[in-house]
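Colleague: Let me begin by handing over the structure; questions about it come next.
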Amino acid sequence: MIRQTIGGRLAHDIRNRGLTAWLLFGLLSGFYVVLYFGVDYGHPQTGVERAQAWLYGTFTVHLDAFGAQWLSFGSAESGLSYAGNRWTLYALLYTLAMLVGGAWMFHRYRHNPYQMVRTFSVLFLQVSFAFSVPILLKFFGHPEYYFSYLWPLKIEYLDPAHFEYFGEILVLYAFFASLVLTPLLGLLWGKRWYCSWVCGCGGLANTAGEPWRHLSQKGSTAWRFEKFAVHGVLLIAVASTALWFASALLPEGSAVGGWAEGTRRWYGLVVVAGLSGAVGTGLYPIGGTRIWCRYFCPMAAILGLVQKAGRFRIRVKRNMCISCGLCSKYCEMGIDVRAYAQANRDFVRASCVGCGLCAEVCPRGVLRLENVRRRDPQELTLDSLADGSWR
Amino acid sequence: MHLLIIGNGVAGVTAAMTARKRDVSLEITLVSDESDYFFSRTALMYAFLDRLSRRDLEPYERKVWDRQGIRRVRGRVVDLDAEGRTVTLDGGATLAWDRLILATGAGPRMLPLEGLDEIREGVVHFVTLADLDRCEALTPSTQRAVVVGGGLIGIELAECLHHHGVAVTLVLRDDRYWPTALPAEESAMVVARMREHGIEVIAGDTAFAVAADEAGRVREVRTHGGRVLPCEMLGVCIGVEPRIEALRTVRTAPALGRGVLVDDHLRTSLPDVYACGDCAEVESAEGERFIETIWYSARAQGEVAGENAAGGTRAYRRPIFYNSAMLIDIPYTTVGRSADLPPETPTLLRRAPGRPLSQRLLEGPGGELIGFIGLGSDWDHELLERWIREQRPVAWVRDHLHRARYDVEFRNVRLDRMDEVRVPLHGGEVST
Ligand SMILES: Cc1cc2nc3c(=O)[nH]c(=O)nc-3n(C[C@H](O)[C@H](O)[C@H](O)COP(=O)(O)OP(=O)(O)OC[C@H]3O[C@@H](n4cnc5c(N)ncnc54)[C@H](O)[C@@H]3O)c2cc1C
Ligand code: SF4
């Protein structure tokens with residue numbers, strides 16, 4: 001390996017689990033701890049409290065204060081106001097990171113229209129439905145709602161305890177988008193319509209996370225763990241939702257209510273804060289992007305099952321692969337694409353988010369993302385039947 | 001029964017895997033003097049570019065070899081005894097075999113250069129893992145490099161060096177780039193792209209002498225054309241030759257030509273000894289003799305040799321030729337016959353004005369498609385192959401070309417907006 005400049009060495013180091021990568025990992029994880037678990041300790045008394053306050057309490061206060069100061073619009077007197085907090089700040093930072101990474105994507109893949117369109121789509125949806133619209137909704141006194149996030153990724157959207165807060169229209173939207181739209185589009189276009197075109201988790205991975213995509217765990221062991229983990233979380237998500245419905249239907253005061261409360265807390269802590277936030281994003285520089293999407297996201301699990309039954313395929317040009325391995329290396333989901341390509345097998349993998357990078361990096365144009373099952377590109381028309389050109 | 005395979009390149013490995021599929025009880029051993037595990041030689045440049053690690057070059061998970069029951073031995077074969085059915089390794093160990101496959105590949109050709117004896121460092125090839133190590137070690141101390149060779153490996157090496165900030169001059173013996181594959185117009189597009197990219201290209205010249213500094217490091221290269229090119233590194237990429245030198249001195253050598261001579265079942269002149277891949281010189285049933293030094297042929301031949309060594313009776317049929325490459329950033333696809341045809345062969349050349357994007361349809365005596373050369377976009381070579389086999393008229397292919405497109409979604413290559421000329425394959429005026 002040759003890296004002649006300091007910049008080149010640093011870039012290599014941070015992208016390949018060097019010291020700087022570990023530092024960044026520490027920073028990101030610390031940020032998430034403060035974000036999710038930070039509390040205001042006021043005036044800490046004991047040593048432990050002081051330590052805790054120093055560790056994250058003060059940071060959180062600062063984050064909240066900063067958010068409140070800079071990201072609050074309007075005034076309470078006019079009746080229209082929006083109170084900023086650390087979550088607004090987080091959303092802003094998140095969106096900015098995506099925009100910066102997105103600009104780099106536009107530059108880097110300017111020759112590849114699929115990448116351009118896809119990147120534009122995630123950026124647009126992030127800026128609008130995942131950032132501006134929720135703030136505007138709150139500003140005008142409506143519930144803060146993210147139209148681009150669906151159950152079971154946003155598990156509370158189908159939690160009856162929140163139905164009253166969201167109101168009929170939003171609840172109907174949640175039911176429709178999660179239970180009708182998601183599987184339908186998944187059948188037509190594969191998982192990618194959501195994971196690579198809409199979702200903000202995937203959006204961050206495919207913009208700001210791009211430099212680390214090659215760090216995903218490859219190999220059959222990781223694949224086995226992935227199948228076990230992602231379907232496990234899906235099971236938990238479905239069971240929790242069922243429990244919440246049960247507790248809403250059963251008379252108040254039954255034991256189920258207590259369980260429902262418990263699962264709400266634990267699901268929020270472990271799955272949402274822990275896995276999707278701290279682990280999912282904090283681990284970028286060490287474990288690669290899309291750790292959350294690959295191993296834990298229940299939405300991805302559903303879409304993966306749908307994808308297996310749908311029209312999406314990665315088509316492999318016969319006998320053209322030179323087994324170079326670039327496709328496998330740059331697959332953020334750890335799919336050994338080369339194994340299929342060198343065996344001349346078209347394939348669909350449940351985890352494939354259809355980012356299209358394998359096709360982009362392939363130096364022999366072997367791979368093609370497609371929505372058709374039929375391999376023969378010659379369409380059958382009445383004309384072609386008449387003149388025999390379909391043969 | 002023991003199948004011994006010399007060479008763990010794609011030919012040898014494919015032979016091993018195919019033999020295993022046919023016969024689960026076969027004992028199989030792969031010998032290599034280059035690497036413990038099969039790696040992708042075609043991907044050397046991506047390792048040099050730092051886009052892949054050494055381990056990434058291995059096409060199979062390492063568990064596969066044990067699971068497939070394929071033993072790997074590291075060592076150079078120095079002797080072959082066909083009567084006693086053994087080979088001897090450089091360490092002195094002997095290995096017995098019942099069936100033997102020679103898959104020793106090809107090694108770099110060397111340019112006769114004056115002053116080469118004085119050089120201790122700085123002259124490189126780009127074919128083996130050791131070459132890659134050497135190139136990587138030299139690059140930090142190299143400001144300028146000269147690469148001699150107008151084929152695929154030359155452009156790959158030039159691109160890698162350029163990527164690492166080395167000023168590269170590519171010297172082409174012929175008046176254009178890759179004349180055995182590309183007609184003049186296409187060549188010019190590739191050269192233009194190389195120049196835009198920052199690689200200097202000199203055509204119609206060759207290096208004849210090289211000079212060293214006090215330390216024995218390359219200092220400059222002189223050409224027949226009178227150029228003196230100062231440089232710290234000289235890459236020689238003028239093609240490969242079958243690696244058979246070891247076989248010339250063994251106790252019982254198979255019949256050798258430029259490569260190991262084999263019939264269409266890939267049998268050598270020795271009983272139960274086969275050869276495949278870059279080292280094999282095939283004599284087909286029609287009496288045609290050829291050496292194919294490309295990955296795809298090595299694979300296809302490996303399948304035949306493996307199958308036959310395990311008791312099969314398959315013949316190797318040379319498929320309709322196809323190949324593809326990435327020339328800097330211009331994708332290239334060719335199917336069927338191409339630059340080897342007579343110069344007056346009629347062709348339909350379609351070009352996008354001002355962009356490196358073209359298709360050329362080569363026409364046979366009856367107006368049928370016999371070859372295709374595409375630059376700048378991706379093509380489905382299987383469909384084009386079929387059209388060639390079916391002898392579709394060029395006019396028909398022209399109108400249906402969009403069906404063979406293999407572009408990424410949303411890319412709309414405007415095939416209907418290309419400039420078309422009918423020209424002979426090489427040179428000459430435009431005909432009707
Ligand atoms: C830089 C580069 C880029 C290329 N790019 C392309 C491309 O894009 N497309 C394409 O089609 N082709 C390409 N090729 C050609 C392709 O790599 C070869 O055709 C293919 O690897 C041949 O495979 P093989 O198994 O016959 O030989 P090899 O891969 O050469 O394997 C032979 C093995 O046998 C070993 N061996 C030889 N002699 C002995 C001995 N006496 N004892 C023990 N071991 C021995 C060698 O060390 C070697 O490991 C490229 C080649 C190079 C060098
Ligand atoms: S990137 Fe392309 S050529 Fe390389 S292994 Fe993958 S499919 Fe094969």
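The values are calculated or read from the model by the stated rules, or taken from the named source; none is laboratory data. Quick caveat, the model's predicted, so the values are computed rather than measured. Reconstructed Cβ throughout: ideal geometry from the backbone, glycine too, with neighbour counts over all protein chains shown.
Results for (1) outside the structural domain of B:A255 (by TED's automatic domain parsing); (2) surrounded by fewer than 22 Cβ atoms within 10 Å (Cβ to Cβ); (3) basic (K, R); (4) touching a strand residue (DSSP E or B) at 6+ places or on another chain (Cβ under 8 Å), shown as yes or no for each residue.
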{"site": "B:G12", "(1), (2), (3), (4)": "no, no, no, yes"}
{"site": "B:K21", "(1), (2), (3), (4)": "no, yes, yes, no"}
{"site": "B:E61", "(1), (2), (3), (4)": "no, yes, no, no"}
{"site": "B:G75", "(1), (2), (3), (4)": "no, yes, no, yes"}
{"site": "B:A82", "(1), (2), (3), (4)": "no, yes, no, yes"}
{"site": "B:A96", "(1), (2), (3), (4)": "no, yes, no, yes"}
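Colleague: Search the range B:2-14 for residues that are on the phi > 0 side of the Ramachandran plot and pair each with any residue that is of a type in the set (S, T, Y) and surrounded by 24 or more Cβ atoms within 10 Å (Cβ to Cβ) when their beta-carbon atoms are under 8 Å apart and the residues are at least 6 apart or on different chains.
Modeller: B:G7/B:S32; B:G7/B:T104
Colleague: Would it be correct to say that B:Y60 is assigned to a loop (DSSP other than H, G, I, E, B), at the interface with chain A (Cβ under 10 Å from one of its Cβ atoms) and not polar (S, T, N, Q)?
Modeller: Criteria met by B:Y60.
Colleague: Keeping to the range B:63-94, report how many residues are assigned to a loop (DSSP other than H, G, I, E, B) and at the interface with chain A (Cβ under 9 Å from one of its Cβ atoms).
Modeller: Summing the residues that are assigned to a loop (DSSP other than H, G, I, E, B) and at the interface with chain A (Cβ under 9 Å from one of its Cβ atoms) in the range B:63-94 gives 0.
Colleague: Scan the range A:108-127 and report the pairs whose first residue is in the same structural domain as A:Y90 (by TED's automatic domain parsing) and whose second residue is acidic (D, E) and at pLDDT 95 or above, with Cβ atoms within less than 7 Å and a gap of 6+ or a chain change.
Modeller: Here the result reads A:Y109/A:E360; A:N112/A:E360; A:Q115/A:E360, each pair linking the range A:108-127 to a residue that is acidic (D, E) and at pLDDT 95 or above.
Colleague: Among the residues of the range A:325-346, are any among the hydroxyl-bearing types (S, T, Y), out of contact with any Cys (no Cβ under 7 Å at 6 or more places or on another chain), more than 8 Å from chain B (Cβ to nearest Cβ) and assigned to a loop (DSSP other than H, G, I, E, B)?
Modeller: Scanning the range A:325-346 turns up no residue that is among the hydroxyl-bearing types (S, T, Y), out of contact with any Cys (no Cβ under 7 Å at 6 or more places or on another chain), more than 8 Å from chain B (Cβ to nearest Cβ) and assigned to a loop (DSSP other than H, G, I, E, B).
The rows are residues; the columns are (1) within 14 Å of chain B (Cβ to nearest Cβ); (2) surrounded by 14 or more Cβ atoms within 10 Å (Cβ to Cβ).
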site: A:R110; (1), (2): yes, no
site: A:Q115; (1), (2): yes, yes
site: A:S121; (1), (2): yes, yes
site: A:L125; (1), (2): no, yes
site: A:A130; (1), (2): no, yes
site: A:F140; (1), (2): no, no
site: A:F147; (1), (2): no, yes
site: A:K154; (1), (2): no, yes
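Colleague: Something else now. Give the range B:306-332 a look and list any residue that's crowded, with 20+ Cβ neighbours inside 10 Å and out of contact with any Lys or Arg (no Cβ under 9 Å at 6 or more places or on another chain), or say none.
Modeller: The answer is B:Y316, B:Y322, B:Y332.
Colleague: Could you identify the single residue in B:R85, B:R72 that is touching a Leu at 6+ places or on another chain (Cβ under 6 Å) and more than 16 Å from ligand 2 (Cβ to nearest atom)?
Modeller: Going through B:R85, B:R72 in turn, just one is touching a Leu at 6+ places or on another chain (Cβ under 6 Å) and more than 16 Å from ligand 2 (Cβ to nearest atom): B:R72.
Colleague: Here is a further query. Any idea how many residues of the range A:347-364 are near ligand 2 (Cβ under 8 Å from one of its atoms) and at the interface with chain B (Cβ under 10 Å from one of its Cβ atoms)?
Modeller: Selection size over the range A:347-364: 4.
Colleague: Report whether or not B:D36 is of a type in the set (D, E), within 24 Å of A:A222 (Cβ to Cβ), assigned to a helix (DSSP H, G or I) and away from ligand 2 (no atom under 16 Å from the Cβ).
Modeller: Taking the combined requirement at face value, the residue does not satisfy it.
Colleague: Just for strands (runs of 3 or more DSSP E) wholly inside the range B:223-292: which have at least 2 residues that are within 21 Å of B:L89 (Cβ to Cβ)?
Modeller: B:273-275
Colleague: Still on this structure, please answer the following. Looking only at the range B:281-300, decide whether some residue is surrounded by 16 or more Cβ atoms within 10 Å (Cβ to Cβ), within 16 Å of ligand 1 (Cβ to nearest atom) and more than 23 Å from B:I153 (Cα to Cα).
Modeller: The answer is yes; a qualifying residue exists.
Colleague: Right, another one. Can you name the condition, by its number, that A:F312 falls short on among (1) within 16 Å of ligand 2 (Cβ to nearest atom); (2) within 25 Å of A:C195 (Cβ to Cβ); (3) within 14 Å of chain B (Cβ to nearest Cβ); (4) touching a residue at least 24 places away in the same chain (Cβ under 8 Å)?
Modeller: (1) is the only condition that A:F312 fails.
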